[in-house]
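**Q** Sharing a structure below in structure tokens format, with a few things to ask.
FYI, it's all coordinate maths here, none of it is from the lab. All figures in this text were calculated on a predicted structure; none of them were measured in a lab. Neighbour counts run over all protein chains shown; Cβ positions are idealised from the backbone, glycine included.
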């Protein structure tokens, strides 16, 4: 028998959630064949079999949280897949089948007694040594959530009991968080994916730990649009990739970061880490939520190189094929809400980065050319959110003004390298 263990997933990732088993007990398994898909905080990882044989049993099921190194199943290296058996072998295998049936029934009973809980609740319960069967939940489906475990382990639960006992019997009960459903109205409960939970937690964490401010400006996109119109066909013929706006913005951001390096830094304890490289994160909308793959060494790439990298990363994001290395180590982020029609927004920092640039919809607006003339110009609002702990307002405003100036004179981007 060969144990199926959770391998090292990536640096700093110690656990994941089983998204789905691709094989079931009794299925034949070849070495190197995909067995299951594990959802981590950042990407989904498909795990392969290290042995050939028959998948004998599963110790963990879809939705369960698993730790690196944990045994989650067993492969019988000498077994054969379920299928036709000679008549003479069936009788001999009856006692064994009975044992298997007993084992299945025992596991079913164990599963029945096992409380339903979210991965984050199971993790917190393990850390605090709490038996989930003792935790009360207001969820009508009986699902134990992280906040239920926190309430059980803290003084909040005691205070709540005391407050409830002091109320008159006829007093209405306070509405529980999960009782937002309107009686008689149709609702649907959808389990949050591990990635969506991670996104939510990180965004809240950034807002709680960073001194985030946002400054705004607007860019006249006339010059960039003229360059694209004039060069797009030849650019595509030469590089087999289309000339988009992202390469212009990436180039402008890198040039501005060189002038204002604190926006390319991060805080670690009482130290500021000044990064001398430019790995630019590009926010991409994926089926399971926003992801930020990274264009490495953007300062060393030309326009075609940047557009090609963004195209490849966006495709991998849509196909759920991003690796952890695609997502780690960015120094600054660009997000483009304009593709969805956003006219103006305040982007949230992608911690531990201290700066993020938000692009928006290009819209024709009347612009004063001089004291006497007005023209309709393709204008875009841009926003820079920054961590005021290390970036001052003057530096942030100057950074955004530099991006504006470079985009309104795109030939300067070539001179900036």
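**Q** When ranked by the protection proxy of mean other Cβ atoms within 10 Å per residue, highest first, what sequence do the peptides 129-136, 71-78, 358-365 form?
**A** Sorting 129-136, 71-78, 358-365 by mean packing, highest first, produces 358-365, 71-78, 129-136.
**Q** Also, quick follow-up: Averaging sequence separations of C-alpha pairs under 8 Å and six or more residues apart, then dividing by the length of the range 291-417, give the relative contact order as a whole percent.
**A** Relative contact order comes out at 17 percent.
**Q** Still on this structure, I have one more. Defining a contact as two alpha carbons under 8 Å apart and six or more residues distant in sequence, what relative contact order in percent does the range 189-338 show?
**A** 23
**Q** Mark the label point 7 Å from the Cα of residue 411 along Cα→Cβ and return the residues of the range 213-236 whose backbone N is within less than 15 Å of it.
**A** From the range 213-236, the list is 223-228, 230-231.
**Q** Next question. If you project the alpha carbons of the range 2-83 onto their three principal axes, what span does each projection cover, largest first, in Å?
**A** Principal extents (Cα only, largest first): 40, 20, 17 Å.
**Q** If I take R0 = 41 Å and measure r between the Cβ atoms of residue 365 and residue 302 in this structure, what FRET efficiency does the formula 1/(1 + (r/R0)^6) give, to the nearest 0.05?
**A** Step by step, r from the Cβ atoms, then E = 0.80.
**Q** Which three lengths, in whole Å and largest first, does the range 196-415 cover when its Cα atoms are put on their principal axes?
**A** That works out to 52, 41, 32 Å along the principal axes.
**Q** Show me the ranking of peptides 266-279, 372-385, 21-34 by mean Cβ neighbours inside 10 Å, starting with the highest.
**A** The most tightly packed comes first, giving 372-385, 21-34, 266-279.
**Q** Please report the antiparallel percentage of the DSSP beta bridges confined to the range 248-377, to the nearest 5.
**A** 65
**Q** If contacts are Cα pairs under 8 angstrom and at least 6 residues apart, what is the relative contact order of the range 2-83 in percent?
**A** Once normalised by length, the contact order is 39 percent.
**Q** Could I ask something else about it? For residue 343 and residue 272 in the same chain, what is the full-extension length gain: residue separation times 0.36 nm, less their Cα-Cα distance, in nm?
**A** Residue separation times 0.36 nm, minus the Cα-Cα distance, leaves 22.2 nm.
**Q** Does the range 304-417 come out rounded, prolate or oblate by the C-alpha gyration tensor, with a ≥ b ≥ c the root eigenvalues, rounded set by a/c under 1.5 and, if not, prolate when a/b is larger than b/c and oblate if not?
**A** prolate
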